[in-house]
Amino acid sequence: MFTELKPYPELAAHDGVHSDVVPRHWTWHRIKSLAKLNPSRSEAREDIASGAEATFLPMEAVSSLGRVDYSRRIDPSMSAAGFTYFREGDVLVAKITPCFENGKGACLEELPTSFGLGSTEFHVLRAGTEIDPKFLEAVTRTWRFRRLGADAMTGSAGQQRVPPEFVSSYAVALPPRAEQEQIVRFLSHANAGIDRAIAAKRKMIGLLKEQERAIVTQGVTSAYESNASSRYSGFSWLGNIPSGWAVMRAKRLFREVDERSTTGLEEKLSVSHLTGVSPRRLKNVTMFHPTSYVGHKLCRPDDLVVNTMWAWMGALGVAKVEGVVSPAYAVYRARVPDLVVPQYADFLLRSATYVANYKSRSTGIRPSRLRLYPDQFLATPVLVPPVREQICLVRSIRAAILGVERTAERCHGEVGLLQEFRTRLTSDVVTGQLDVREVASKLPDLDPADLACTEFNDSDDIDAVAEEFLDEDAL
């Protein structure tokens, strides 16, 4: 399909609106002349009065590939709270960084209710008669729109947003309506194929993560010497353990510390189920930021940091550097530093066996708000092999997971290249750099089976949001 694409036979620059060279028969328009921006919720007054439920779309329900999770509902009376209003056929565009740059947005083709409400961080575009809604969505996915929109952002660092004035004044090169439909048809087929390839890579990444977790869990609960004898640990969830290993309550190994930052200038650390404890600057997450880090908890290298609210998901780990974390977290320091190797503790306490036990020790009014309080964590039995064996186990685990990590990293890179190709193709087609009319005319209708692998799946974005949510929700 892609090898058959050629440039348009006649291109021209149009003076007055934009200097880009586009097909001669295309015309330039501002978005404000093609679509209504952010329609008023007053349109839904009768629907709200009827008491019918509305679809609710928080930011995480819309993917960077244009997929939408329509499963959430909200009481329509909540519209008074200031949520963004939309109807079927509208185009959503995330306006906050980094969601805008990442391409979060969608054309709402299958809205299951008469109207919907969503995050206030969306702009809503309602296409007029001259522009196909799916073509309008594709325009918002072009590199030019994203680059210029990012340059036009206003607001403080980490909370910058694309202003409505940029969107309304953005210039679009518009083909005739029939040609728009051909372009949409081509992109639907092309993107479905690309998305299937992305889905396959992400499935592989998921399997690799499972393999890594299995290697770590096996490694931290088994003797380094294969012929070592075993004994019952005394706990059913730990089962048998090597005879030479001790089992100690965490309170014998760790003590809770509560040191606070007086300047807020220390390294900001993220604590998540995905990466343990790591510098926040390395994360692509900027949705939540306190105004000041003064009074946040300090942690030092080799301290154990536990996200109290999300420990049952594995949101904890050993810090490698000094920094600050949420004041709602628990920070533990080794009582006898030479008794437990920090990297072994990180592997052990984040293993699947221990994460499952944290859930049984956590308390709360509902499953999603369980908390692992210090008294319960400190009562947790911890496997303590001889220090020399801990060092050997860490080396063995690192060697075993190295190949898995490299393969996963390579898959992540391939996902990035596929996403880049998708964006580049959309940009070239929507801006008239490639002529898809002949190819589109030969394409069959898309079968639902062709989209089986392109349902809502945005694991990279979901992981980023999850890290942010798990890291700051307890603030």
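The values are calculated or read from the model by the stated rules, or taken from the named source; none is laboratory data. As the structure is a prediction and not an experimental result, all values here were calculated from the model. Counting neighbours? That spans all protein chains shown, and the Cβs are built from the backbone with ideal geometry, glycine included.
Couple of notes before you dig in:
- Tally, over segment 403-438, of residues that are over 23 Å from Thr140 (Cβ atoms) and of a type in the set (Val, Ile, Thr): 2
- In segment 377-392, the condition of being at pLDDT below 95, small (Gly, Ala, Ser) and in contact with a Lys or Arg (Cβ under 9 Å, 6 or more places away or on another chain) is met by no residue.
- Top-ranked residue in segment 111-121 [being of a type in the set (A, V, I, L, M, F, W, C) and over 18 Å from Arg67 (Cβ atoms); ranked as surrounded by the fewest Cβ atoms within 10 Å (Cβ to Cβ)]: Phe115
- Looking only at residues in segment 259-313 that are modelled with pLDDT under 90 and basic (Lys, Arg), the one that is surrounded by the fewest Cβ atoms within 10 Å (Cβ to Cβ) is Arg281.
- Qualifying helices (runs of 4 or more DSSP H) (wholly inside segment 363-442; at least 2 residues being of a type in the set (Ser, Thr, Tyr)): 387-430
Each row is one residue, and each column tells you yes or no for (1) more than 19 Å from Pro386 (Cβ to Cβ); (2) assigned by TED's automatic domain parsing to the domain that holds Gly314; (3) not in a strand (DSSP E or B).
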residue: Glu210; (1), (2), (3): yes, no, yes
residue: Leu238; (1), (2), (3): no, yes, yes
residue: Ile241; (1), (2), (3): no, yes, no
residue: Val247; (1), (2), (3): no, yes, no
residue: Arg252; (1), (2), (3): no, yes, yes
residue: Gly264; (1), (2), (3): yes, yes, yes
residue: Val271; (1), (2), (3): yes, yes, no
residue: Leu274; (1), (2), (3): yes, yes, yes
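- Residue check for Thr423: buried (at least 18 other Cβ atoms within 10 Å of the Cβ), under 30 Å from Leu11 (Cα atoms) and modelled with pLDDT of 90 or more: no
- Residue within segment 99-110 that is of a type in the set (Lys, Arg) and surrounded by fewer than 23 Cβ atoms within 10 Å (Cβ to Cβ) present: no
- Inside segment 226-258, residues that are touching a residue at least 12 places away in the same chain (Cβ under 8 Å), farther than 15 Å from Ala379 by Cα, exposed (fewer than 14 other Cβ atoms within 10 Å of the Cβ) and not small (Gly, Ala, Ser) make up a count of 2.
- Failed criterion for Arg141 (all others in (1) crowded, with 17+ Cβ neighbours inside 10 Å; (2) outside any loop (DSSP other than H, G, I, E, B); (3) among the basic types (Lys, Arg) hold): (2)
- For segment 148-168, the criterion of being touching a Phe, Trp or Tyr at 6+ places or on another chain (Cβ under 8 Å), assigned to a helix (DSSP H, G or I) and in contact (Cβ under 8 Å) with a residue 24 or more places away in the chain is met by at least one residue.
- Pairs with Cβ under 6 Å, 6+ apart, first in segment 377-401 and farther than 19 Å from Arg252 by Cβ and not assigned by TED's automatic domain parsing to the domain that holds Tyr329, second assigned to a helix (DSSP H, G or I) and among the charged types (D, E, K, R): Ile401/Glu212
- When residues of segment 73-98 are limited to those that are modelled with pLDDT of 90 or more and surrounded by fewer than 16 Cβ atoms within 10 Å (Cβ to Cβ), the one nearest to Glu46 (Cα to Cα): Arg73
- Verdict on Ala190 being under 17 Å from His29 (Cβ atoms), hydrophobic (A, V, I, L, M, F, W, C) and touching a residue at least 12 places away in the same chain (Cβ under 8 Å): no
- Only one of the listed residues (Tyr358, Tyr332) is under 22 Å from Ser236 (Cα atoms) and at pLDDT 95 or above. That residue is Tyr358.
- Filtering segment 219-238 to residues that are in contact with a helix residue (DSSP H, G or I) (Cβ under 9 Å, 6 or more places away or on another chain) and within 20 Å of Asn357 (Cα to Cα) leaves Gly219, Val220, Thr221, Ser222, Phe235, Trp237, Leu238.
- Across segment 40-68, the number of residues qualifying as surrounded by 18 or more Cβ atoms within 10 Å (Cβ to Cβ) and not acidic (Asp, Glu) comes to 15.
- Flag: Gly89 does not match the condition of being touching a residue at least 60 places away in the same chain (Cβ under 8 Å) and either in contact with a strand residue (DSSP E or B) (Cβ under 7 Å, 6 or more places away or on another chain) or not in a strand (DSSP E or B) (or both).
- Tally, over segment 92-118, of residues that are over 17 Å from Phe135 (Cα atoms), in a loop (DSSP other than H, G, I, E, B) and of a type in the set (D, E, K, R): 1
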